[in-house]
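Everything below concerns the one structure shown next.
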Amino acid sequence: MKHLITTSDFSIEEIEALYEDTRMFNDLQSNSYLSGKVVVTLFFENSTRTRSSFEIAAKRLGAQVVSLDVGTSSRSKGETIFDTVANLNAMKPDAIIIRHSECGLPGSLIDKVDCPILNAGDGMNAHPTQALLDLFTIIEHFDGKTQGKKIAIVGDVKTSRVAASNVKLLPRFGIEPIIVAPEHFQFENSDLRQVNSLSEVIDEVDVVMSLRTQLERHSQVYYNSLQEYAKDYCITSESFGDRDILLLHPGPVNRNVDISDEMLEDKRNKILEQVSNGVAVRMAILKKLIN
Ligand code: CP
């Protein structure tokens, strides 16, 4: 049985085949590929996009979705996460989609269940479906010609599971990630090129991916206010100029901290295209893993 814990669970050939299905599902219309199947979603961290995208994807494929409300589940009575998952598994779902703050938790479940586990984000570790939808958005924009492209990943990279997944996935398709962040938000012990300012690389990159400053994962206060951070790292029309660059963000966006209001209206911003692609990519992933 196959699971999706990190993007390395899929070979390049598998990802290319996945994107063929993604293109087939791109109109987000309903079909019956997973008719009669049941998918469980278990989100121990907040989510707008990933949870609704997975749930819509499953429903568009004809599956039933059970969303465990962890706030009212028996976890509050002291049940461990492993027992919660074992009990859900005993009900014979066809897939379990899980988000948790603990790095590695989804991967630790795979030998305890009889169905695919899909990682919807585990702490700072990985967010494989986000990286797969980001890559798909880039591939479609550049008509499949990704070799030699460069992407600036801007902001709080160190604590970002989106960045962690993308810096592993994108180079497999010939895309070089360049980290743009203050020292305290850069990766430690990384072979990647890391710079302090977007202006240092803006003339050579094809894509900019802005990230949210993940205050909930910081053990110390780096800035007195997010506005102080935004002075140097907010993506503005001044920083982009008239360059032909794709602007991405996994969401949620902090307006005028990560990206200015003006750039959120700019046609180079493909954030909502990422969101739509996310449903189609997740439809393709569910079809692959459940069927
Ligand atoms: N991109 C992403 O993971 O967004 P959510 O936290 O809203 O799911």
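The values are calculated or read from the model by the stated rules, or taken from the named source; none is laboratory data. Bear in mind the structure is a predicted one, so any value in this text is a computation, not a measurement. Note that we place each Cβ from the backbone using ideal geometry, even for glycine, and neighbour counts take in every protein chain shown.
Can you spot a residue in the range 162-172 that is more than 14 Å from the ligand (Cβ to nearest atom), of a type outside the set (Phe, Trp, Tyr), more than 15 Å from the chain's Cα centre (by Cα) and not in a helix (DSSP H, G or I)? Scanning the range 162-172 turns up no residue that is more than 14 Å from the ligand (Cβ to nearest atom), of a type outside the set (Phe, Trp, Tyr), more than 15 Å from the chain's Cα centre (by Cα) and not in a helix (DSSP H, G or I).
Here's a check for you: in the range 125-144, which residue that is among the polar types (S, T, N, Q) and surrounded by 24 or more Cβ atoms within 10 Å (Cβ to Cβ) is nearest to the chain's Cα centre (by Cα)?
First, pick out the residues of the range 125-144 that are among the polar types (S, T, N, Q): 125, 129-130, 137.
Now narrow it down to the ones that are surrounded by 24 or more Cβ atoms within 10 Å (Cβ to Cβ): 129-130.
On the way: 129: 5, 130: 2 Å.
Across the range 125-144, the extreme among qualifying residues is 130.
Answer yes or no as to whether residue 76 is within 27 Å of residue 250 (Cβ to Cβ) and polar (S, T, N, Q). So residue 76 fails the test. None of 65, 70 is at pLDDT below 95 and within 16 Å of the ligand (Cβ to nearest atom) except 70. Residues in the range 37-62 that are near the ligand (Cβ under 8 Å from one of its atoms) and in a loop (DSSP other than H, G, I, E, B): 45, 46, 47, 48.
Would you check which residues across the range 258-278 are assigned to a loop (DSSP other than H, G, I, E, B) and away from the ligand (no atom under 16 Å from the Cβ) and list them? Scanning the range 258-278 gives 260, 266, 267, 268.
Please verify whether residue 82 is surrounded by 17 or more Cβ atoms within 10 Å (Cβ to Cβ) and not acidic (Asp, Glu), treating the condition exactly as stated.
On the way: surrounded by 17 or more Cβ atoms within 10 Å (Cβ to Cβ): no; not acidic (Asp, Glu): yes.
Against the criterion (surrounded by 17 or more Cβ atoms within 10 Å (Cβ to Cβ) and not acidic (Asp, Glu)), residue 82 does not qualify.
Do the conditions hold for residue 246, that is, is it within 23 Å of the chain's Cα centre (by Cα), within 16 Å of the ligand (Cβ to nearest atom), among the hydrophobic types (A, V, I, L, M, F, W, C) and surrounded by 12 or more Cβ atoms within 10 Å (Cβ to Cβ)? Walk me through how you get there before you give the answer.
Details: within 23 Å of the chain's Cα centre (by Cα): yes; within 16 Å of the ligand (Cβ to nearest atom): no; among the hydrophobic types (A, V, I, L, M, F, W, C): yes; surrounded by 12 or more Cβ atoms within 10 Å (Cβ to Cβ): yes.
It is false that residue 246 is within 23 Å of the chain's Cα centre (by Cα), within 16 Å of the ligand (Cβ to nearest atom), among the hydrophobic types (A, V, I, L, M, F, W, C) and surrounded by 12 or more Cβ atoms within 10 Å (Cβ to Cβ).
One residue alone among 220, 194 is over 21 Å from residue 251 (Cβ atoms) and modelled with pLDDT of 95 or more, and that residue is 194.
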